[in-house]
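K.L.:
Dumping the structure here so I can ask a few things about it.
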Amino acid sequence: MRTSTRLVAFAAVAALTTGLLAGCSSDSKDSSSSSSGGDTKGKTTLTIGTFGVFGYKQSGLYDEYMKLHPNISIKENVTTRTDVYWPKVLTRLQAGSGADDIQAIEVGNITEAVQTQADKFVDLGKEVDKSQWLDWKTAQATTKDGKTIGLGTDIGPMAVCYRKDLFKKAGLETDRTKLAAQWKGDWSKYVDLGKEYMKKAPKGTKFVDSASSVYQAALNGASERYYDKDGNVIWDKSSGVKSAWNVAMSVATSTMSAKLKQFDKPWDQGFANASFATVACPAWMIGYIEQKSGDSGKGQWDVAQAPTASNWGGSFIGVPSAGKHTKEAIALAKWLTAPEQQAKVFAKQASFPSTPAAYASLKPAADTTAYFSDAPITQIFSDAAKTIPTQYFGIKDQPIMTALTDVGILQVEQKGKSPSAGWNAAKAEIKDVLGQ
């Protein structure tokens with residue numbers, strides 16, 4: 001799930017030749033911009049509200065659609081930050097006016113939209129063949145009574161990116177298939193390998209960037225998180241949370257963590273200096289690593305399947321029911337999220353599709369494949385995507401996550417507190433968040 005820290009990542013990734021992940025926002029000043037297609041006289045203008053770069057304009061999809069439908073003009077309204085974008089959307093939905101014909105919805109906001117705004121959106125489930133999308137992706141945007149308010153765009157299936165050169169110096173396996181077999185099924189096996197790495201770790205290096213990244217990777221593959229399927233808060237009883245926390249504590253209380261906060265400047269420098277050997281690696285992380293590690297990392301990085309299939313990130317697009325052109329907006333939303341179009345966005349900016357039919361045609365950029373030691377990146381991520389469990393999210397999912405990572409885990413990893421002290425600190429923060 002996207003965290004506030006990921007906003008910084010997207011600003012950096014914007015500079016990549018491989019492009020941005022669809023549906024990501026940058027950490028620039030709060031602003032809006034728009035783009036439209038030529039002469040709009042006598043045409044129906046459809047507006048699309050997004051946060052950051054979704055890639056539709058950049059990959060030529062708007063121009064292609066307008067050529068296919070000469071009576072349609074498309075205008076994209078972009079707000080760079082999700083924390084500015086989403087409150088504005090909620091205000092307009094409640095007012096019953098002012099919303100765009102199509103509105104993007106980030107995965108961190110989809111539960112709130114489903115639980116509190118479903119009556120403000122068209123049921124797109126009646127308009128499409130839902131089997132085109134991964135089941136768990138569609139489930140995130142579907143109400144209890146079966147109304148689907150958004151069509152899936154990108155996702156963030158997980159792998160592990162690792163430095164072959166550092167593994168070799170530490171006397172560990174470097175073959176991606178054999179390595180994945182060593183930790184398959186359990187993130188604690190990944191931590192065990194970290195202990196082996198530290199016995200002969202190259203000077204100045206650690207096994208992993210942070211305990212928090214391991215926590216998120218492990219939790220994002222668990223079927224039980226902070227809420228149950230009925231919307232009840234269960235974070236302190238959740239088997240997924242407890243398992244991920246225990247794995248993170250094994251990292252935080254050892255010497256294997258570089259103790260870096262993701263997307264802060266020292267973390268970026270850690271890539272450049274090869275100061276950690278592995279990182280939990282959603283599909284959108286590939287381009288980020290390539291940029292931050294630079295030329296010295298080419299051919300040194302590789303990609304292996306993660307211990308468990310998990311997802312970190314993704315978005316949807318929905319059609320507000322109060323829009324002036326709902327019929328035309330539905331048709332455009334269906335077309336933009338069809339497998340063929342998702343594949344085109346991937347080709348432009350490496351946004352991983354939520355439609356499995358697109359996977360066979362996906363090809364990473366040649367320089368990216370070479371950078372990651374000719375790893376079968378598409379195959380690794382598509383295999384993960386197909387087996388990610390359905391998860392239940394709640395309205396306070398994001399602040400609960402932040403309390404556990406930025407308060408609880410941080411106190412143990414960076415301040416030397418005990419795991420129980422870290423847990424209690426997070427618990428106190430979560431009580432405030434929930435108003436208990």
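K.L.:
Test each condition in (1) more than 20 Å from ASP397 (Cα to Cα); (2) part of a helix (DSSP H, G or I); (3) among the small types (Gly, Ala, Ser) for ALA99 and report the one that comes out false.
P.N.:
(2)
K.L.:
Taking the conditions exactly as written (more than 18 Å from the chain's Cα centre (by Cα) and assigned to a helix (DSSP H, G or I)), does VAL407 satisfy them or not? Step through it out loud before you land on a result.
P.N.:
Values: more than 18 Å from the chain's Cα centre (by Cα): yes; assigned to a helix (DSSP H, G or I): yes.
For VAL407, the condition - more than 18 Å from the chain's Cα centre (by Cα) and assigned to a helix (DSSP H, G or I) - is met.
K.L.:
Could you count how many residues in the range 70-89 are within 22 Å of the chain's Cα centre (by Cα), of a type in the set (A, V, I, L, M) and either crowded, with 22+ Cβ neighbours inside 10 Å or farther than 16 Å from LEU46 by Cα (or both)?
P.N.:
Qualifying residue count, the range 70-89: 2.
K.L.:
For THR143, are the conditions met, namely being of a type in the set (Val, Ile, Thr), surrounded by fewer than 20 Cβ atoms within 10 Å (Cβ to Cβ) and in contact (Cβ under 8 Å) with a residue 40 or more places away in the chain?
P.N.:
Details: of a type in the set (Val, Ile, Thr): yes; surrounded by fewer than 20 Cβ atoms within 10 Å (Cβ to Cβ): yes; in contact (Cβ under 8 Å) with a residue 40 or more places away in the chain: no.
It is false that THR143 is of a type in the set (Val, Ile, Thr), surrounded by fewer than 20 Cβ atoms within 10 Å (Cβ to Cβ) and in contact (Cβ under 8 Å) with a residue 40 or more places away in the chain.
K.L.:
With (1) crowded, with 17+ Cβ neighbours inside 10 Å; (2) out of contact with any Asp or Glu (no Cβ under 6 Å at 6 or more places or on another chain) as the list, and ALA258 as the residue in question, which single condition is left unmet?
P.N.:
For ALA258, the failing item is (2).
K.L.:
For the range 285-297, does any single residue satisfy the condition of being modelled with pLDDT under 95, out of contact with any Asp or Glu (no Cβ under 7 Å at 6 or more places or on another chain), surrounded by 19 or more Cβ atoms within 10 Å (Cβ to Cβ) and under 30 Å from THR142 (Cβ atoms)?
P.N.:
There is at least one residue in the range 285-297 that is modelled with pLDDT under 95, out of contact with any Asp or Glu (no Cβ under 7 Å at 6 or more places or on another chain), surrounded by 19 or more Cβ atoms within 10 Å (Cβ to Cβ) and under 30 Å from THR142 (Cβ atoms).
K.L.:
What residue, of LYS363, LYS348, is of a type in the set (D, E, K, R), touching a Ser or Thr at 6+ places or on another chain (Cβ under 6 Å) and over 30 Å from PRO419 (Cβ atoms)?
P.N.:
LYS348
K.L.:
Does the range 129-173 hold any residues that are part of a strand (DSSP E or B) and under 23 Å from TRP187 (Cα atoms), and which are they?
P.N.:
Filtering the range 129-173 for residues part of a strand (DSSP E or B) gives 142, 148, 151-163.
Residues satisfying the conditions are ILE155, GLY156, PRO157, MET158, ALA159, VAL160, CYS161, TYR162, ARG163.
K.L.:
On the given criteria, is GLY185 under 22 Å from ALA375 (Cα atoms), free of Cβ contacts under 8 Å to residues at least 40 places away in the same chain and in a loop (DSSP other than H, G, I, E, B)? Reasoning before the result, please.
P.N.:
Numbers: under 22 Å from ALA375 (Cα atoms): yes; free of Cβ contacts under 8 Å to residues at least 40 places away in the same chain: no; in a loop (DSSP other than H, G, I, E, B): yes.
Against the criterion (under 22 Å from ALA375 (Cα atoms), free of Cβ contacts under 8 Å to residues at least 40 places away in the same chain and in a loop (DSSP other than H, G, I, E, B)), GLY185 does not qualify.
K.L.:
Could you tell me whether the range 92-108 includes any residue that is farther than 23 Å from PHE352 by Cβ, of a type in the set (Val, Ile, Thr) and not assigned by TED's automatic domain parsing to the domain that holds TRP187? Full working, then the answer.
P.N.:
Taking the range 92-108 as the starting set, the residues that turn out to be farther than 23 Å from PHE352 by Cβ are 92-101.
From what is left, the residues that are of a type in the set (Val, Ile, Thr) are none.
Within the range 92-108 (the criterion being farther than 23 Å from PHE352 by Cβ, of a type in the set (Val, Ile, Thr) and not assigned by TED's automatic domain parsing to the domain that holds TRP187), the answer is no, since none of the residues qualifies.
K.L.:
Can you pull out the residues in the range 341-357 that are within 16 Å of ILE317 (Cβ to Cβ) and surrounded by fewer than 24 Cβ atoms within 10 Å (Cβ to Cβ)?
P.N.:
GLN341, LYS344, THR355
K.L.:
Still on this structure, I have one more. On the given criteria, is PRO399 out of contact with any His (no Cβ under 9 Å at 6 or more places or on another chain), at pLDDT below 95 and not in a helix (DSSP H, G or I)?
P.N.:
Details: out of contact with any His (no Cβ under 9 Å at 6 or more places or on another chain): yes; at pLDDT below 95: yes; not in a helix (DSSP H, G or I): no.
No, not satisfied.
K.L.:
Scan the range 56-77 for residues that are outside any helix (DSSP H, G or I) and either within 22 Å of ALA338 (Cβ to Cβ) or in contact with a Phe, Trp or Tyr (Cβ under 6 Å, 6 or more places away or on another chain) (or both) and report the count. Step through it out loud before you land on a result.
P.N.:
Step one: filter the range 56-77 for residues outside any helix (DSSP H, G or I), giving 56-60, 69-77.
Filter once more, keeping what is either within 22 Å of ALA338 (Cβ to Cβ) or in contact with a Phe, Trp or Tyr (Cβ under 6 Å, 6 or more places away or on another chain) (or both): 56-60, 69-76.
Selection size over the range 56-77: 13.
K.L.:
Would you check if LEU434 is touching a residue at least 24 places away in the same chain (Cβ under 8 Å), more than 21 Å from the chain's Cα centre (by Cα) and buried (at least 20 other Cβ atoms within 10 Å of the Cβ)?
P.N.:
On the way: touching a residue at least 24 places away in the same chain (Cβ under 8 Å): yes; more than 21 Å from the chain's Cα centre (by Cα): yes; buried (at least 20 other Cβ atoms within 10 Å of the Cβ): no.
No, not satisfied.
K.L.:
To continue, here is another question. Is it true that some residue in the range 229-239 is over 19 Å from PRO419 (Cβ atoms), surrounded by 15 or more Cβ atoms within 10 Å (Cβ to Cβ), of a type outside the set (Gly, Ala, Ser) and within 21 Å of the chain's Cα centre (by Cα)?
P.N.:
No.
K.L.:
Enumerate the pairs (first residue in the range 379-403 and without any contact (Cβ under 8 Å) to a residue 40 or more places away in the chain; second residue anywhere and buried (at least 19 other Cβ atoms within 10 Å of the Cβ) and in a helix (DSSP H, G or I)) with beta-carbon separation below 6 Å, excluding pairs fewer than 6 apart on the same chain, so at least 6 apart or on different chains.
P.N.:
Qualifying pairs under 6 Å: ALA403/ALA426; ALA403/ILE430.
K.L.:
Hey, among the residues in the range 352-366 that are touching a residue at least 12 places away in the same chain (Cβ under 8 Å) and assigned to a helix (DSSP H, G or I), which one's nearest to GLY55 (Cα to Cα)? Working first, answer last.
P.N.:
Quick first cut of the range 352-366, residues touching a residue at least 12 places away in the same chain (Cβ under 8 Å) only: 352-359, 361-365.
Still in the list and also assigned to a helix (DSSP H, G or I): 356-359, 361.
Working: PRO356: 19, ALA357: 19, ALA358: 16, TYR359: 18, SER361: 18 Å.
Selected residue: ALA358.
K.L.:
If you scan the range 316-358, which residues turn out to be modelled with pLDDT of 95 or more, within 18 Å of the chain's Cα centre (by Cα) and of a type in the set (S, T, N, Q)?
P.N.:
If the condition is that a residue be modelled with pLDDT of 95 or more, within 18 Å of the chain's Cα centre (by Cα) and of a type in the set (S, T, N, Q), then THR337, GLN342, SER354, THR355 are the ones that fit.
K.L.:
Please enumerate the residues belonging to the range 382-396 that are surrounded by 19 or more Cβ atoms within 10 Å (Cβ to Cβ) and part of a helix (DSSP H, G or I). Steps first, please.
P.N.:
Residues of the range 382-396 that are surrounded by 19 or more Cβ atoms within 10 Å (Cβ to Cβ), as a first pass: 382, 384-385, 388, 391-394, 396.
Selection gives SER382, ALA384, ALA385.
K.L.:
What's the number of the only condition in (1) closer than 26 Å to LYS292 by Cβ; (2) of a type in the set (S, T, N, Q); (3) part of a helix (DSSP H, G or I) that SER254 fails to meet?
P.N.:
(3)
K.L.:
Step by step: first the residues of the range 100-113, then only those that are out of contact with any Leu (no Cβ under 6 Å at 6 or more places or on another chain) and closer than 18 Å to GLY323 by Cα, then the one that is surrounded by the fewest Cβ atoms within 10 Å (Cβ to Cβ). Which residue is that?
P.N.:
ASP100
K.L.:
Hey, any hits in the range 237-249 for a residue that's at pLDDT 95 or above, basic (Lys, Arg), closer than 30 Å to GLY435 by Cα and outside any loop (DSSP other than H, G, I, E, B)?
P.N.:
Applying the first criterion (at pLDDT 95 or above) to the range 237-249 yields 237-249.
Going one step further and asking which of them are basic (Lys, Arg), we end up with 237, 242.
After this cut, where a residue has to be closer than 30 Å to GLY435 by Cα as well, the list is 237, 242.
Then keep just the ones that are outside any loop (DSSP other than H, G, I, E, B); that gives 242.
Yes, some residue in the range 237-249 is at pLDDT 95 or above, basic (Lys, Arg), closer than 30 Å to GLY435 by Cα and outside any loop (DSSP other than H, G, I, E, B).
The values are calculated or read from the model by the stated rules, or taken from the named source; none is laboratory data. Just so it is clear, the structure is predicted and the values come from calculations on it, not from any experiment. A quick note on method: Cβ atoms are made from the backbone with ideal geometry, for glycine too, and the neighbour counts reach across all protein chains shown.
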